[in-house]
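Report on one structure; see the data block that follows.
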Amino acid sequence: MTNLNRRHLLAGAAAMGAAAVTGLRPTVANAATPQAGTQAPGFYRYKVGSFECTSINDGARTFPMPEKFVANIPKEEALAAGEAAYMPKGMVTVPFNPQLINTGSKLVLIDTGNGVANLEASKGAVGRTMQNLQAAGVDPKNIDVVLLSHFHGDHINGVRLADGALAFPNAEVMVPGKEWEFWTSEDNAAKAESNQGLKAAFANVKKIFAGLESKVTKYEWGKEVVPGITSIATPGHTPGHTSFAVASGDAKVLIQSDVTNIPEFFLRNPDWHVMFDMDAATAQATRHKFYDMAAAEKATVVGFHFTFPAVGHVAKDGAKYRLIPSAWNPTI
Ligand SMILES: [Zn+2]
């Protein structure tokens, strides 16, 4: 080990000074190494009892903060929160993180990301789930269950490849029954006609599930949907929005899905309404209930929109909450 003491540091500085004066270069390798220009693969493993889980990064989108990104506060306050979180000025960054659970007998992917069809359009910002699964050594053909939390595009679009083929051809696709009921109702679709965003969301659900209508498995809340994985009712973000408890032995993690969007905004300020919450009052009540439970249990919480690898703990902080990200663990 190099002994870094003051004498060595001074000697080094003197040598550098001499080199500068004489024009001699210090004797270090100085070839121009090509820069990589790409990010490292985004996958991170953690254990829950005997289960091996992998956080799979689908990417992150940075976009100008929409006028009503936080629907119930003045935009200046939301911009200030963005600045406090060191997001690019006037912008907001939203990450996306599906979770892969290997129970030992089943390989389960919880949510699928934005889909490879969006990879090029976003210049590689999102739609990375397939390549990060590959980097993690996972063959999509081996995924037994695709377990969906709700039907927003960033969670369901990865069900299909760019050409429309199924990304996980051998997987059973499991959907929240309530979510299915809401989004497949012709009445609800008709009511959404006047709202461009909602209309597009209905059309997207139709496109993604075309031909799968009779094949999806609808699950209920409060049930063990896969051995070791229990669905938790967390409505509000969408009518059938679902979180999951993944449990093995004495260990448990809560996969919160979108109980909050980015924690810097909506965990710190649980009464702020992100524009994507469809029933904002219910979503707000759900947030308090869910995080009061998670904080009391000192549960590990995984958030789809947390910063990768999206694993941490939630602490109560007065009427607010705080996320304490878990330290990177080099062994699992
Ligand atoms: Zn989402």
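The values are calculated or read from the model by the stated rules, or taken from the named source; none is laboratory data. Predicted model only: the values in this text are computed from it and were never measured. Ideal geometry is used to build each Cβ from the backbone, glycine not excepted, and the neighbour counts take in all protein chains shown.
List the strands (runs of 3 or more DSSP E) that sit entirely inside segment 167-259 and contain at least 3 residues that are polar (S, T, N, Q).
Filter on segment 167-259 gives 242-248.
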For this session: Quick one: in segment 123-156, of everything that is of a type in the set (D, E, K, R), farther than 28 Å from residue 277 by Cα and assigned to a loop (DSSP other than H, G, I, E, B), which residue is nearest to the ligand (Cβ to nearest atom)?
Result: 144
Exercise. Can you name the residue in segment 299-332 that is part of a loop (DSSP other than H, G, I, E, B) and among the aromatic types (Phe, Trp, Tyr) and is also nearest to the ligand (Cβ to nearest atom) among such residues?
Worked result: 304
Seminar exercise, completed: Checked pairs for segment 304-324, first farther than 24 Å from residue 58 by Cα, second hydroxyl-bearing (Ser, Thr, Tyr) and within 16 Å of the ligand (Cβ to nearest atom), C-beta under 9 Å and 6 or more apart or across chains, list as 321/260
For this session: Just give me the residues in segment 47-76 being surrounded by 12 or more Cβ atoms within 10 Å (Cβ to Cβ) and acidic (Asp, Glu), in sequence order.
Result: 52, 58
Exercise. Among (1) small (Gly, Ala, Ser); (2) surrounded by fewer than 22 Cβ atoms within 10 Å (Cβ to Cβ); (3) modelled with pLDDT of 95 or more, where does residue 310 come up short?
Worked result: (2)
Seminar exercise, completed: Checked 90, 137 against criteria (more than 23 Å from residue 54 (Cβ to Cβ) and of a type outside the set (S, T, N, Q)); the one match is 90
For this session: Any chance you could count how many residues in segment 215-259 are more than 16 Å from the chain's Cα centre (by Cα), β-branched (Val, Ile, Thr) and within 16 Å of the ligand (Cβ to nearest atom)?
Result: 2
Exercise. (1) without any contact (Cβ under 8 Å) to a residue 60 or more places away in the chain; (2) closer than 19 Å to residue 306 by Cα: which one isn't true of residue 132, the others all being true?
Worked result: (1)
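Pull up segment 88-118, narrow it to residues that are in contact (Cβ under 8 Å) with a residue 60 or more places away in the chain and more than 16 Å from the ligand (Cβ to nearest atom), then point me to the one that is surrounded by the most Cβ atoms within 10 Å (Cβ to Cβ).
108
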For this session: Hey, can you tell me all the residues within segment 255-285 that are over 20 Å from residue 92 (Cα atoms) and crowded, with 23+ Cβ neighbours inside 10 Å?
Result: 255, 256, 283
Problem set entry | Residue check, residue 262 at pLDDT 95 or above and within 27 Å of residue 218 (Cβ to Cβ) | no
Problem set entry | Filter result for residue 269 (touching a residue at least 60 places away in the same chain (Cβ under 8 Å), within 23 Å of residue 54 (Cβ to Cβ), among the polar types (S, T, N, Q) and in a loop (DSSP other than H, G, I, E, B)) | no
Problem set entry | segment 157-166, subset in a helix (DSSP H, G or I) and in contact with a helix residue (DSSP H, G or I) (Cβ under 6 Å, 6 or more places away or on another chain), residue surrounded by the fewest Cβ atoms within 10 Å (Cβ to Cβ) | 159
